[in-house]
Amino acid sequence: MKLLSRNAAQTAFSRLLTVAIVACLVWPAIAFMKSCWLADSSPHAVAFPLRATGLFLRTTGLAALGALLCIILAFPIVPILARRVGSWPLTAIMSATLLCPPMILALGMKRIAPGSNLASLQCVASWAVWCWPISASLMALEWRRSLQPSFSAARLECSTFRAIVHVAVPGLARSIAVSFLALFAIFLGDYAVPHACNLQVYATELLSIADSSTNSRELLRASLPCLAMIALVFAIAHRIWKGAEREQTTEDQTTELSLCPYRRKHVILIVIYSLLSFGPAFVAFVGNLSASAFGEAWTLYRDDLSATIAVAGVGSILAAVAAIHLTNAPRTAGWVLLIALCWMAVPGALVGQALVIAFNRNETAWIYDHWPILSIGYFIRFGWIALAVARAAQSGIDQSLLDAAIVDGASHRQLHRHIVTPLSLPAIVAASIAIIALSISDVAASSLLRVPSYNPIAHVIIEKFHRFEDDMLISLCLWLFAIAAGLSLILTSLASKAVGRIAIARAGQR
Amino acid sequence: MKCGVILSLKSSLLVAAIPLVSMGIGIGCDKRTTGDSRSTANPMTLVAYCSVDEQFARPILEDYERQHHIQIDALFDSEAGKTTGLVQKIISESKSGRPRADLFWSGEIFHTILLSRMGYLETYSPTTAKDISTRFRDADHRWTGTAVRARVLAYDPKRVTTADLPKSWIELRQERYASQLAIANPLFGTTRGHVASMFALWGSDRARTFLEDLHRHGVRVVDGNSAAVRAVIDGSARYAMTDSDDVRAAQLSGASVESVMLDMGDGGTLLIPCSVSLIKGSPHGGPEARALADYLVSAEVEKALAQSPSGNIPVRESLRNELSLTWPEETKITFDKIVDAMSEAEQATREILLR
C-alpha cells in the first residue's frame, strides 16, 4: 500500500511537472497567436520593404558565416576534448569563453582589425571566438562516441589531411549539422555583437518593430523570414542527421579514452585556444581598464550584476530540470523538444512580446511584475539547448548497460533514475552553462520583459557603449565574467567529479 | 547497480523545487510587494519609467530616495528600445488596465504629448513649475518640460572646416552633405521628432523632397544618435544629425567631434526638453508620486542636469543666468504642431527613406 501510494505520488508529480513545462512553452504561443488574430492589419502598405529584405539577407549571410567559422575553429581541439571529457582545464576554458560577454570580444576585434569597412569581419570573428565551445562540445561528443577508432585507423593508411577530409568530416556530419543549426539560430537573433561593431542586423529591425508597436501581427509578419530560414536550415540539418552513418563505439574504448594523459602538442593547442578565446578581451582591456572605474562599476551596479546572473541561473535551472525530468518521460520528451525547437526559430523580440501578451494580466501579475518573467523568457528562448543535449546524451548511452539492468530486474523508472539521468547530467550541466551565457548577453527578449526592480547588465553595457564610457563598459564585463566564471567553475568541477565517478564505477564493474 | 549519482524521489523533488523556491525568495526579497501590488501596495515605493540617460537620472533618483525615505524602482530605457519602448510599455499596460509605472520621466517631449493625447496621463501641475515658461508646460497640466537638449549637426573638425558646414537643415539635402551624412532611424526618439518638425514647419511637399534627396544621395541610417556620432568618429560619415548630449559624451571620451546648431528655416533651432508626467491609474499614485514629480521638475534637478556631462540647457532664465548659459534662438513651431505632423512624417520616412 505504501509502495503503491509512493508510486502514485511519483506519477502525479511527474505528470504535473510535464504539464507545467508544456504550459510554459505553449501558453505564450497561444496568447500571441490569439493577439495576432484579433489585431488590426498593419497600416504599412509594403510587407517586406527592400531595405528590410536586404538587411535580412545580409544578416543571414553573416550568421551562416559565423556558424561555419565557429565549426572550423573548433575542429582542431575536438580530438583532445573527446579524450579528456570532463577534464577541468578544458571545461574551465570553454565555460569561461562562453561566459565572456561578447561585446567585449567585439570591442577587442575592433581594435585588432580596425576600420568601419571591416565591421562584418569583426562581427563574424567575435561570434566565432565566443561560441566555438558549443560546436566543439557537440563534435567531441560525436567523436568520442564513434569516430576515434576509424580516424586512428585512417591515419595509419593515409595523411592526416586525407583522414580528416574522408573520415573525420563525414563522421562528424551529424554534429556539424546540429552545431550549424544551433549557432545559426543564435547568431541570427543576436543583437549585442553586431551593435558593438556598428552593424545593423535584422534583430535590430525586429526589436524596433516590437518597441514601436503593440500590433503583434506586424511583428509576426516581420519575423516570418527568420522563422522560414531557420526551418529551412533545420530541414537540411535533419536530412544530414538521418543520412549520416553512425558507428557504435564499445564501452571499453570510451573508458580508455578518458584516461589518456595530456601530451605536449595537446598543451600547446590548449594554450593557443586560450589565447584565441581571451586575446580579444585582453586587447579590449588594455588602455581601457582603470581601478577607479572597476570599483565604481561594483558600487553602482553590483545589484544589477548579481540579479542578472541569478535570473539567468534560474532560467537555466528551469531548463535543466525540464531536461532531467524528460529523460524519465521519453515519450513526451520528443514532443516537448519539438515545441522547444520551434521557439529556437523565433526571434527574441517575438519571444518578448509573446510573454508580455501572455502574462500582462492581473492573474499573472506575480510573474509579469517581477523577475520570473525574465527567467521564463530565457527558458523559452534557450531551453531547447538543454532538452536537445539531454536527448542526445540519452541516445548515446550504451544499450548493454540498460539491458543488464533490465535483466537484474530494474523498472523503467529505476533505469532512468539510476542510469540515464546520471549519465546525462554532465551534458545537461554543460548546456546549462551555455544557457546562462546566452541569457546574460540577451538583449532582444529582455528589452521587452525588463522589470523595474533591476536592469539586465547587457543593457547597462550597451548604454555604456553608447555613452562612450569604455572604461566602465570593460569593468562591468570583467565583473560579470568573474562572477559568472566562478560559478561555472563550481558547476564544471561538480560535473567533472560526476564523470570521474561514473568512469571509475564502470571500470569497477568490468 | 553502482553508478555515479543516484537521484531518489527526494532529490528529484529538491531539484524541481529549487527554481520554485528561488522564485519565491526572489519575489519575497523583491523591492516591490508580492501578489496584487495594487491592493497591498507599499505606499513608500514608487515606480518610475525613465528615458533620461541612466547615468544622469540614477543619482538624482537615489538622492531623492535618501532624502525622503522612499524607494523608487526605476525602469530605464535601453539603447535597444529607446523612449519608444518605454512608451509602448505604458500604452500596453494602461490598455490592459494595469499600469505599472507611477511617473514617466522622458528625455524628450513628443511621446509624452502622444501619451497625453491618448489619455494615459494624470492631470497635475507641479508646484515647482511656476517659474517655467508656458511653452514648456501642457495647457491641461499633463506634462512639464525642463532641461532642453539641442538637435545639432556633428562633424569631425579634423576633416571638416567651419566653412564647409551648412547653415540650415534644409541644406543637408545637397549631395555633398547627404552622401556623407549619418542619421538615427527617423522612426524613433528625438530624430522622429526632428523629422516631424520639418514636416510641420516646411510643409509636406518640401519635407518629402528633403527625404527623397537624402535617400537618393545615400544617407546612412544607423541605430541611434550615438551610433551616428560614432560614424563620424570612425570616419564612415562626415556629418551626423544627433543630439547635443551625444556629442558631449563623445567629446568627454576624447573623440575629435564638434557640433553646430542649424537653422530650422525660421531663424531658430530645435530644442527638445525632458518631460515629467504622472501615469493615470497608477498603482501608487498619490502624494508621493506628485512629490517626486515636483522634485524632478524643480530648479535643483534642472541645475544638476545642466552641470552633468549631458549639458542640458535650463528652461529657467534665472538658472541660465546663474550658470552663465545662453539660450539659443529657438524655432517658433510648437511641440503640439510637431506631434500633429508625426504620423505623416513616419509614413513618409517608411515610404522614402526606409524602403
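The values are calculated or read from the model by the stated rules, or taken from the named source; none is laboratory data. Because the structure is a prediction, the values reported are computed rather than measured. Cβ coordinates were reconstructed from backbone atoms using ideal geometry, including for glycine residues, and neighbour counts include every protein chain displayed.
Side notes on the structure shown:
- Which numbered condition residue A:381 misses (of (1) in a helix (DSSP H, G or I); (2) among the charged types (D, E, K, R); (3) at the interface with another protein chain (Cβ under 8 Å from one of its Cβ atoms)): (3)
- Selected residue (only one of B:90, B:109, B:132 is more than 14 Å from chain A (Cβ to nearest Cβ) and in contact with a Phe, Trp or Tyr (Cβ under 7 Å, 6 or more places away or on another chain)): B:109
- Of the criteria (1) assigned to a loop (DSSP other than H, G, I, E, B); (2) at pLDDT 95 or above, which one residue B:265 fails: (2)
- Residues in segment B:239-256 that are more than 10 Å from every other protein chain (Cβ to nearest Cβ), in contact with a strand residue (DSSP E or B) (Cβ under 6 Å, 6 or more places away or on another chain) and not in a strand (DSSP E or B): B:244, B:247.
- Residue within segment A:97-118 that is among the hydroxyl-bearing types (Ser, Thr, Tyr) and at pLDDT below 85 present: yes
- Selection of segment B:307-324 for residues being closer than 30 Å to residue B:199 by Cα and hydrophobic (A, V, I, L, M, F, W, C) yields B:313, B:315.
- Qualifying residue in segment A:357-366 (condition: surrounded by fewer than 21 Cβ atoms within 10 Å (Cβ to Cβ), in contact with a Phe, Trp or Tyr (Cβ under 9 Å, 6 or more places away or on another chain) and within 12 Å of chain B (Cβ to nearest Cβ)): yes
- Set side by side, the residues B:58, B:98 differ, and just one is within 11 Å of chain A (Cβ to nearest Cβ), surrounded by fewer than 22 Cβ atoms within 10 Å (Cβ to Cβ) and either of a type in the set (A, V, I, L, M) or not in a loop (DSSP other than H, G, I, E, B) (or both), which is B:58.
- Answer from A:73, A:65, A:4, A:81 - the residue that is surrounded by fewer than 22 Cβ atoms within 10 Å (Cβ to Cβ), part of a helix (DSSP H, G or I) and either at pLDDT below 90 or more than 29 Å from the chain's Cα centre (by Cα) (or both): A:4
- Single residue of segment B:133-145 satisfying the filter (out of contact with any Pro (no Cβ under 6 Å at 6 or more places or on another chain), at negative phi and in contact (Cβ under 8 Å) with a residue 12 or more places away in the chain) that is surrounded by the most Cβ atoms within 10 Å (Cβ to Cβ): B:143
- For segment A:441-460, the count of residues that are more than 23 Å from residue A:478 (Cβ to Cβ), modelled with pLDDT under 80 and outside any helix (DSSP H, G or I) is nonzero.
- Scanning segment B:302-355 for residues that are of a type outside the set (Ser, Thr, Tyr), out of contact with any strand residue (DSSP E or B) (no Cβ under 9 Å at 6 or more places or on another chain) and in a loop (DSSP other than H, G, I, E, B) yields a total of 5.
- Test: residue A:39 is at pLDDT below 90 and surrounded by fewer than 18 Cβ atoms within 10 Å (Cβ to Cβ): yes
- If the condition is being modelled with pLDDT under 90 and either more than 8 Å from chain A (Cβ to nearest Cβ) or over 11 Å from residue B:50 (Cα atoms) (or both), then segment B:70-84 contributes B:77, B:79, B:80, B:81, B:83, B:84.
- Residue within segment A:457-479 that is surrounded by fewer than 24 Cβ atoms within 10 Å (Cβ to Cβ), away from chain B (no Cβ under 11 Å), hydrophobic (A, V, I, L, M, F, W, C) and in contact (Cβ under 8 Å) with a residue 40 or more places away in the chain present: yes
- Against the list (1) within 24 Å of residue B:86 (Cβ to Cβ); (2) modelled with pLDDT of 95 or more, the condition residue B:285 fails is (2).
- Residue satisfying condition, being within 14 Å of chain A (Cβ to nearest Cβ), under 19 Å from residue B:191 (Cα atoms), touching a helix residue (DSSP H, G or I) at 6+ places or on another chain (Cβ under 6 Å) and of a type outside the set (Phe, Trp, Tyr), within set B:147, B:154: B:154
- Only one of A:490, A:502 that is modelled with pLDDT of 65 or more and in a helix (DSSP H, G or I): A:490
- Any hit, segment B:214-221, residues being over 30 Å from residue A:114 (Cβ atoms), free of Cβ contacts under 8 Å to residues at least 60 places away in the same chain and either of a type in the set (S, T, N, Q) or assigned to a helix (DSSP H, G or I) (or both): yes
- Annotation: residue A:224 fulfils all but one of (1) part of a helix (DSSP H, G or I); (2) at pLDDT below 90; the unmet one is (2).
- Test result for residue B:104, surrounded by 22 or more Cβ atoms within 10 Å (Cβ to Cβ), of a type in the set (Phe, Trp, Tyr) and over 10 Å from the mean Cα position of the chain (by Cα): yes
- Selection of helices (runs of 4 or more DSSP H) fully inside segment A:85-188 by the criterion of at least 2 residues being within 24 Å of the chain's Cα centre (by Cα) returns A:88-99, A:102-112, A:119-142, A:173-188.
- The condition of being without any contact (Cβ under 8 Å) to a residue 24 or more places away in the chain and either acidic (Asp, Glu) or part of a helix (DSSP H, G or I) (or both) holds for only one of A:425, A:415, A:337, that being A:415.
- Which numbered condition residue A:403 misses (of (1) over 19 Å from the mean Cα position of the chain (by Cα); (2) buried (at least 21 other Cβ atoms within 10 Å of the Cβ); (3) more than 30 Å from residue A:472 (Cβ to Cβ)): (2)
- Remark: pairs (first residue in segment A:192-218, within 8 Å of another protein chain (Cβ to nearest Cβ) and on the phi > 0 side of the Ramachandran plot; second residue in a helix (DSSP H, G or I) and surrounded by fewer than 23 Cβ atoms within 10 Å (Cβ to Cβ); Cβ separation under 8 Å; 6+ apart in sequence or on different chains) = A:198/A:116; A:198/A:119.
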